[in-house]
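*Asks:* Quick one: the structure is below, questions incoming.
The values are calculated or read from the model by the stated rules, or taken from the named source; none is laboratory data. Please read these numbers as outputs of a predicted model, since none were measured by experiment. Note that each Cβ is placed from the backbone with ideal geometry, even for glycine, and that neighbours are counted across all protein chains shown.
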Amino acid sequence: MSRLSVPKDRLRVVLVEGIAETAVGGLAAAGYANVERIAGAPSGEALRRLIKDVHVLGIRSNTRLTADIIAAGERLFAIGCFCIGTNQVDLAAAKLAGIPVFNAPYSNTRSVAELVLGEMIMLLRRIPEKTRLIDAGRWQKTAGGAHEIRGRTLGIVGYGHIGSQLSILAEALGMHVRYYDIVEKLALGLARPCASLHDLLGLADVVSLHVPGTPETRGMIGAAEIARMPPGAILINAARGDVVDVAALAAAMRDGHLAGAAVDVFPSEPKTEAEPFDSPLRGLANVILTPHVGGSTEEAQAGIGSEVAEKLIKYSDNGSTIGAVNFVEVALPVQRGVTRFLHIHRNVPGVLAKVNDVFSARGLNIAAQYLRTDAEIGYVVSDIDAVIEEGMGIRRDLAAIDGTIRVRFLY
Ligand code: NAI
């Protein structure tokens, strides 16, 4: 059989913004030898020139891929965001160009859970207050108001990836775990659900928030909710800045209703180190403020590198789009002894029949076929168990079907 597609070692993969070494290792192990790493975040003309003959592009949060830049990627067929967020990419434009975008939404789950666990211990012992005093030369050696976390009740709001991970860790240290989620979730270990947020707030010594940013979670914890928490309780927010009314939290810390708080995310956060940070929470005793570093560890970065590389490899090697944030998701088995044709098209009627005509006109048998559509696009994958010779014109005829966005084949 003749070689029909671009061999893996010639596919040009470019990773910008200092993406972790684990990504290069993963790609190399899968046979992607042509991987180039660039330290900074290219923009403007430099990015347009760079993207022109790149097949797979890996970025982090500082490289903006607008519709215009994506259109300049003549060979681009996959984008990896080696981070959590993807709003630096025009996802709709990428989709209409037939380019799935992958990210790593959960690689930093453990890092966030560990930080929260550490903060609970520190706050229950009133350590932030003590370190401030000792820094100022004051030796306050007292047990007053300092507690073990063993036997305390932790209330987790949002029992998803982070919330449930925290549940396990906290229970291992002897905490009682209660949680509230809008979706029914399997309780891990001895954790028990609460019927409402109101119930949870009334019984927890420590409340930790792990909900996404949605219209429902905006302002979810205001003055009334804080007042519902028992006197001396602790509030931790490592979810989204606008979930908590920070003025109400600051007031509850000042009047002593709450004994401590840890906040990693803020309604308005500086974009760079040069920008100043301000918040009503600054300067309060027994408060830990951190600059949105809940998920920022070297382990999380390494995990992100391998997770996104893995998704890119799966898509490039066998067409699977599982984990794509802007694309119909298709989980495909590894193709063995077949040639796999990937056809991405605008979702107009009749494309599947025309794709099948291309094969049946040549007497080719379709061993398996997978199709997913959404309102805008369709993705049909056809496995052909016959020898495909160069010159059969299959690719040309698939590309000529009205509505075709992209054709790729793998063997
Ligand atoms: P996830 O999607 O796995 O879990 C979120 C959970 O919240 C889900 O179980 C969902 O059903 C629940 N939920 C949604 N709306 C709710 C509501 N109104 N009331 C109660 N529960 C609700 O998300 P994951 O990965 O656990 O992340 C949670 C939060 O942590 C997100 O806001 C994310 O942005 C934030 N995060 C913060 C980081 C940091 O550096 N501080 C790093 C990573 C994530």
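*Asks:* Restricting to the range 208-242, and then to whatever is among the β-branched types (Val, Ile, Thr) and under 19 Å from the mean Cα position of the chain (by Cα), can you tell me which residue is nearest to residue 175 (Cα to Cα)? It would help to see each step written out before you state the result.
*Replies:* To start, the set of residues in the range 208-242 that are among the β-branched types (Val, Ile, Thr) comprises 211, 214, 217, 221, 226, 234, 236.
When the remaining residues are screened for being under 19 Å from the mean Cα position of the chain (by Cα), the result is 211, 214, 217.
On the way: 211: 21, 214: 29, 217: 26 Å.
Here the residue is 211.
*Asks:* Would you confirm whether any residue within the range 212-233 is near the ligand (Cβ under 6 Å from one of its atoms), modelled with pLDDT of 95 or more, among the small types (Gly, Ala, Ser) and closer than 22 Å to residue 192 by Cβ?
*Replies:* No, the range 212-233 contains no residue that is near the ligand (Cβ under 6 Å from one of its atoms), modelled with pLDDT of 95 or more, among the small types (Gly, Ala, Ser) and closer than 22 Å to residue 192 by Cβ.
*Asks:* Could I ask something else about it? Just one of the numbered conditions (1) in contact with a Pro (Cβ under 9 Å, 6 or more places away or on another chain); (2) of a type outside the set (Gly, Ala, Ser); (3) assigned to a helix (DSSP H, G or I); (4) more than 19 Å from residue 116 (Cα to Cα) is not true of residue 249; which one?
*Replies:* For residue 249, the exception is condition (4).
*Asks:* Just to be sure, is residue 112 part of a helix (DSSP H, G or I), in contact (Cβ under 8 Å) with a residue 24 or more places away in the chain and in contact with a Ser or Thr (Cβ under 7 Å, 6 or more places away or on another chain)?
*Replies:* Details: part of a helix (DSSP H, G or I): yes; in contact (Cβ under 8 Å) with a residue 24 or more places away in the chain: yes; in contact with a Ser or Thr (Cβ under 7 Å, 6 or more places away or on another chain): no.
So residue 112 does not fit the description; no.
*Asks:* Hey, among the residues in the range 153-174 that are crowded, with 23+ Cβ neighbours inside 10 Å and assigned to a loop (DSSP other than H, G, I, E, B), which one's nearest to the ligand (Cβ to nearest atom)?
*Replies:* Filtering the range 153-174 for residues that are crowded, with 23+ Cβ neighbours inside 10 Å and assigned to a loop (DSSP other than H, G, I, E, B), the one nearest to the ligand (Cβ to nearest atom) comes out as 158.
*Asks:* Have a look at 93, 113, 104 and point out the one that is assigned by TED's automatic domain parsing to the domain that holds residue 59 and within 16 Å of the ligand (Cβ to nearest atom). Break it down stepwise before answering.
*Replies:* Details: 93 fails: within 16 Å of the ligand (Cβ to nearest atom); 113 fails: assigned by TED's automatic domain parsing to the domain that holds residue 59.
Sole residue among the options that is assigned by TED's automatic domain parsing to the domain that holds residue 59 and within 16 Å of the ligand (Cβ to nearest atom): 104.
*Asks:* Can you find even one residue in the range 63-71 that is under 16 Å from residue 308 (Cβ atoms) and under 22 Å from the mean Cα position of the chain (by Cα)? Write out each step before concluding.
*Replies:* Filtering the range 63-71 for residues under 16 Å from residue 308 (Cβ atoms) gives 63, 65.
Adding the requirement that they be under 22 Å from the mean Cα position of the chain (by Cα) leaves 63, 65.
So far as the range 63-71 goes, yes, one or more of its residues are under 16 Å from residue 308 (Cβ atoms) and under 22 Å from the mean Cα position of the chain (by Cα).
*Asks:* Something else now. Please count how many residues of the range 182-194 are farther than 12 Å from residue 155 by Cα and either more than 12 Å from the ligand (Cβ to nearest atom) or not in a loop (DSSP other than H, G, I, E, B) (or both).
*Replies:* The number of residues fulfilling the criteria is 4.
*Asks:* Can I ask one more? Please verify whether residue 200 is of a type outside the set (S, T, N, Q), surrounded by 15 or more Cβ atoms within 10 Å (Cβ to Cβ), touching a Phe, Trp or Tyr at 6+ places or on another chain (Cβ under 6 Å) and not in a loop (DSSP other than H, G, I, E, B), treating the condition exactly as stated. Write out each step before concluding.
*Replies:* Working: of a type outside the set (S, T, N, Q): yes; surrounded by 15 or more Cβ atoms within 10 Å (Cβ to Cβ): yes; touching a Phe, Trp or Tyr at 6+ places or on another chain (Cβ under 6 Å): yes; not in a loop (DSSP other than H, G, I, E, B): yes.
When the stated conditions are applied, residue 200 passes them.
*Asks:* Mind counting the residues in the range 150-170 that are without any contact (Cβ under 8 Å) to a residue 24 or more places away in the chain and more than 13 Å from residue 110 (Cβ to Cβ)?
*Replies:* Step one: list which residues in the range 150-170 are without any contact (Cβ under 8 Å) to a residue 24 or more places away in the chain, which gives 168.
Next, only the ones that are more than 13 Å from residue 110 (Cβ to Cβ) stay: none.
Matching residues across the range 150-170 total 0.
*Asks:* Return yes or no: is residue 65 among the aliphatic types (A, V, I, L, M), at pLDDT 95 or above and in contact with a strand residue (DSSP E or B) (Cβ under 7 Å, 6 or more places away or on another chain)? Write out each step before concluding.
*Replies:* Details: among the aliphatic types (A, V, I, L, M): yes; at pLDDT 95 or above: yes; in contact with a strand residue (DSSP E or B) (Cβ under 7 Å, 6 or more places away or on another chain): yes.
So residue 65 fits the description; yes.
*Asks:* In the range 243-296, what residues are touching a Lys or Arg at 6+ places or on another chain (Cβ under 6 Å) and within 16 Å of the ligand (Cβ to nearest atom)? Talk me through it step by step, then tell me what you get.
*Replies:* Start the filter on the range 243-296 by keeping residues that are touching a Lys or Arg at 6+ places or on another chain (Cβ under 6 Å), which leaves 265, 286.
If the condition is that a residue be touching a Lys or Arg at 6+ places or on another chain (Cβ under 6 Å) and within 16 Å of the ligand (Cβ to nearest atom), then 265 is the only one that fits.
*Asks:* Turning to a different aspect of this structure: Name the strands (runs of 3 or more DSSP E) wholly inside the range 1-102 in which the number of residues that are in contact with a His (Cβ under 7 Å, 6 or more places away or on another chain) is 1 or more.
*Replies:* Values: elements: 13-15, 35-37, 56-59, 78-81.
Counting at least 1 such residues, we get 13-15.
*Asks:* Further question: Select from the range 195-211 the residues that are small (Gly, Ala, Ser) and within 20 Å of residue 262 (Cα to Cα) and write down the one among them that is nearest to the ligand (Cβ to nearest atom). Spell out how you get there, then give the answer.
*Replies:* Our first condition is that a residue be small (Gly, Ala, Ser); within the range 195-211, this holds for 195-196, 202, 204, 208.
Checking the rest, the ones that are also within 20 Å of residue 262 (Cα to Cα) come to 202, 204, 208.
Values: 202: 16, 204: 14, 208: 10 Å.
Looking at the filtered set, the residue picked out is 208.
*Asks:* Right, next: Hey, among 216, 275, 225, which residue is without any contact (Cβ under 8 Å) to a residue 40 or more places away in the chain, farther than 22 Å from residue 113 by Cβ and surrounded by 15 or more Cβ atoms within 10 Å (Cβ to Cβ)? Can you show your working first?
*Replies:* Working: 216 fails: surrounded by 15 or more Cβ atoms within 10 Å (Cβ to Cβ); 275 fails: surrounded by 15 or more Cβ atoms within 10 Å (Cβ to Cβ).
Of the residues listed, the single one that is without any contact (Cβ under 8 Å) to a residue 40 or more places away in the chain, farther than 22 Å from residue 113 by Cβ and surrounded by 15 or more Cβ atoms within 10 Å (Cβ to Cβ) is 225.
The rows are residues; the columns are (1) touching a strand residue (DSSP E or B) at 6+ places or on another chain (Cβ under 6 Å); (2) farther than 30 Å from residue 121 by Cβ; (3) buried (at least 19 other Cβ atoms within 10 Å of the Cβ); (4) of a type in the set (Gly, Ala, Ser).
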| site | (1), (2), (3), (4) |
| --- | --- |
| 280 | no, no, no, no |
| 285 | no, no, no, yes |
| 327 | no, yes, yes, no |
| 361 | no, yes, no, yes |
| 366 | yes, yes, no, no |
| 369 | yes, yes, no, no |
| 372 | yes, yes, no, no |
